[in-house]
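The values are calculated or read from the model by the stated rules, or taken from the named source; none is laboratory data. On a predicted model such as this, the values are computed, not experimentally measured, just so you know. Here the Cβ positions follow ideal geometry from the backbone for every residue, glycine too, while neighbour counts run over all protein chains shown. Surface areas here come from the heavy atoms of the whole protein model, side chains and all, with no ligands, DNA or RNA. Shrake-Rupley method; radii C 1.70, N 1.55, O 1.52, S 1.80 Å.
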Amino acid sequence: MAKGKMKKSLIFAVFFIAILVTTLTLAFVIQSLTTPLNIAHGTIGSGSFEINNTSGGTVTNIDCIVDEVAYKSWVTFSNCPSALNDGDVFTVNFNVAVPQYTSPSSPYYDITLRISGTGALDHTQNLQVIVPSSPGLSITADVDMEGYDGDDDTENFTVTNTGNVDLINIVFDYEQDDLTDGDNDTITLGFDPSTITSLIAGDDSEVEVTATIDSDMDYGTYSTDVEVSTLSPTAVSATMHVTIRVKKEYCDSGQQGSRLVITKIEEPDTGDDFTLPATIPVEVDVRNDYDEDLDVVLEAQLFDISDDVYVVKGEDEISIDEDETGTLKVDLKIPMDVNEGHVHIVIIKIYEDGNEDDQCADDFVVVDINKDKNKVILDKATVTPEIVECDAEFSVQLKFGNAGRNDEDKVKVRIYNTNLEIDETKTTSIDEDEYDTVNFNLLHVPEDAEESEYVLNIEWFYDYDDDDDEYDESGNSEVTFTVEGNCIVPVYDVIISTQQLSGAKPDEEFTVKVTLTNTGTEETTYTISAIGYSGWATLESLDPETLTLEADEAGYTYIKLTPTETGSQEFTVRVEFEDQTETQDISVNVMSKSEAAGWFEQAWFTIKHNWEWVLVNAALAIAIIVLFILLLTKGHRHKPKHVYVVGGKGMARAKGPTEISLARTRTAKKTKARTRRKPRKKKR
């Protein structure tokens, strides 16, 4: 009986646990999983799923897991929750990073995603990831090679299987015509190995390429694209650009020795463009590997490969210490008649001075030279003579060149200098690649010009348009020359005189008249100021503060001061002009108000401080008196009769104006007396 009861209890417990397990399993599940995902190797895909909690309770310590060890590094969960309440639905996002070179899936990679937590049983779902086949190849991007005609040059490059499938029978190809000169001489490329028989995904292979240059190959730069490809298991390819410079032996005996090494050509760079007018800067770093100091010479030349001629060259020379690097520089001025469409190179040759046959190295750089449609340049400007005297003539020679692609039928040239009153214009014409010299003769330097260096401005106008009678292009430059000798040297000077116009008393304004006389030879501007008065007076005004005077001209300014102290005082008038300064000290006696001067002192002060004015007025008064006397005596210019006056001892001839007047008076009385005689009786 007891046994039967125990058996029933066990059956009931098992049934209850089964129901509980079923409930827990159904209550905590993964749903809405993004699957399958199509992800290429080496890339990342993303997806999501939902966790649904219908257990009737809270689930804690939730974890999101990948079961397979091999795929744990592939999948990352960005927001796995830590707990969920009953009825919560939570979306979990994840990323899948397929490693580089992962083989294509067949048909997919199966990844088990698991969620677990306290209060619920684990639940799993399978994520399917499809990795497609992605064959790929890569190759070193660029290879630069160089050598002399008849030589070989070898470089290495790398081929890499960048896909996720193994490749076989990889071959190389290039366009032979790219490496052929005008005489059908060629550069041949050889590859070792010539075929890469097998290259597994992610692996690489090093390949050696050799450029074999024909002995008569034209020097210059050649380039082609090398294609590496395979057809198995599927067609895939990559391209590498190969540049080969065929150099010419510029050293007289070919490159010799190892003491001198061209470490770097700083300037110019390959492919640099130069548009006329232009100068090519050449800068080369050279290392002295010898155990002694060496004198090193740089020869730089612009060479026209198309015509096989040298265009222009230059040299530089320095001493380089043992085991040191030196820099040599030279500028190559491109001539105007250079051929624009030709291939040009800058040849660089360095050698030990006096020992080129034993120590010499060379190199070159390809450059592009261009011309504008219209371009007139000033090639040279000459002033004859270089030093010109004042009141003398000189000439200017201007050499112009046509550096454009068109003839210039009308070119206007102007030279001018405002200070020397020079302004001349001439016209000319210049054909393409030609020069023309424009002469300006009999230019005159004024006799009063200053001795100095002068700039003669040069302007030229070209690309003449007949339709609107205007020039569309222009240029400008300048040339300097010296004017020296036979010049009227300007003199700048001044005489300062002062005149106190009134007496000085405390708190009463008085005036000082300042006269400036320009004793120089040039018009001059003078700046006037007063100093040294601050301790005894206040400056009320100084007017005007500047005077501009012609030679020998005088001007005036007035200084008004109000004394604050009595006694003997002093201040200074300062005059500044043409980097010079002249001063005049002025003494002032400031009287106290109790020292009222009488009429005589005032008159004497006026005469003492205004003697010029007093002298002028006195002269005017004397002139007026003399004029009055002359007017009075104008009506009595007839010769008076001789009259005698009775003096103490008898009669004497009148002398002087007084006596004449008296004599005339007496004569007049006698005449009057005579008129009073009785009249004669008439004859019967």
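Observations
- Pick from region 323-361, criterion charged (D, E, K, R) and over 13 Å from VAL286 (Cβ atoms), ranking: surrounded by the most Cβ atoms within 10 Å (Cβ to Cβ): GLU356
- Any hit, region 281-296, residues being under 21 Å from ASP142 (Cα atoms) and touching a Gly at 6+ places or on another chain (Cβ under 8 Å): no
- Options THR124, THR154; residue that is open to solvent by 30 Å² or more (accessible area, probe 1.4 Å), in contact with a Lys or Arg (Cβ under 6 Å, 6 or more places away or on another chain) and either of a type outside the set (Lys, Arg) or assigned to a strand (DSSP E or B) (or both): THR124
- Residues being in contact with a Phe, Trp or Tyr (Cβ under 7 Å, 6 or more places away or on another chain), in a strand (DSSP E or B) and over 30 Å from PRO135 (Cα atoms) - total across region 51-76: 4
- Test for ILE377: is it touching a Gly at 6+ places or on another chain (Cβ under 8 Å), modelled with pLDDT of 90 or more and aliphatic (A, V, I, L, M): yes
- For region 516-529, the set of residues classified as among the polar types (S, T, N, Q), surrounded by 15 or more Cβ atoms within 10 Å (Cβ to Cβ) and touching a Phe, Trp or Tyr at 6+ places or on another chain (Cβ under 7 Å) consists of THR524 only.
- Exactly one residue out of THR275, THR243 is within 30 Å of LYS373 (Cα to Cα) and of a type in the set (S, T, N, Q): that is THR275.
- Put simply, of VAL282, VAL246 the only residue that is part of a strand (DSSP E or B), open to solvent by less than 40 Å² (accessible area, probe 1.4 Å) and modelled with pLDDT of 95 or more is VAL282.
- Unique residue being surrounded by fewer than 18 Cβ atoms within 10 Å (Cβ to Cβ) and in contact with a Leu (Cβ under 7 Å, 6 or more places away or on another chain) when the list is PHE49, PHE90: PHE90
- Number of positions in region 530-559 that are under 20 Å from VAL588 (Cα atoms) and surrounded by fewer than 16 Cβ atoms within 10 Å (Cβ to Cβ): 10
- Residues that are assigned to a loop (DSSP other than H, G, I, E, B) and over 47 Å from the mean Cα position of the chain (by Cα), drawn from region 177-224: ASP183, ASN184, ASP185, PRO193, SER194, ILE200, ALA201, GLY202, ASP203, ASP214, SER215, ASP216
- Unmet requirement for THR566, which otherwise passes all of (1) in contact (Cβ under 8 Å) with a residue 60 or more places away in the chain; (2) farther than 15 Å from SER587 by Cβ: (2)
- Among the residues listed as GLY485, GLY535, the single one being modelled with pLDDT under 95, within 21 Å of THR572 (Cα to Cα) and part of a loop (DSSP other than H, G, I, E, B): GLY535
- Top-ranked residue of region 67-86 - restricted to ones that are closer than 18 Å to SER46 by Cα and β-branched (Val, Ile, Thr), ranked as most open to solvent (accessible area, probe 1.4 Å): THR76
- Applying the condition of being under 25 Å from GLU322 (Cβ atoms) and in a loop (DSSP other than H, G, I, E, B) to region 255-275 and asking which residue is farthest from the chain's Cα centre (by Cα) yields GLY257.
- A single entry from GLY202, GLY190, GLY136, GLY163 fulfils the requirement of being farther than 30 Å from LEU37 by Cα and out of contact with any Lys or Arg (no Cβ under 6 Å at 6 or more places or on another chain): GLY190.
- Whichever residue in region 414-437 is under 30 Å from GLY341 (Cα atoms) and among the β-branched types (Val, Ile, Thr) and, among such residues, is most open to solvent (accessible area, probe 1.4 Å): THR437
- Complete set of residues in region 444-464 that are under 33 Å from the mean Cα position of the chain (by Cα), at pLDDT below 95 and loosely packed, with under 13 Cβ neighbours inside 10 Å: SER452
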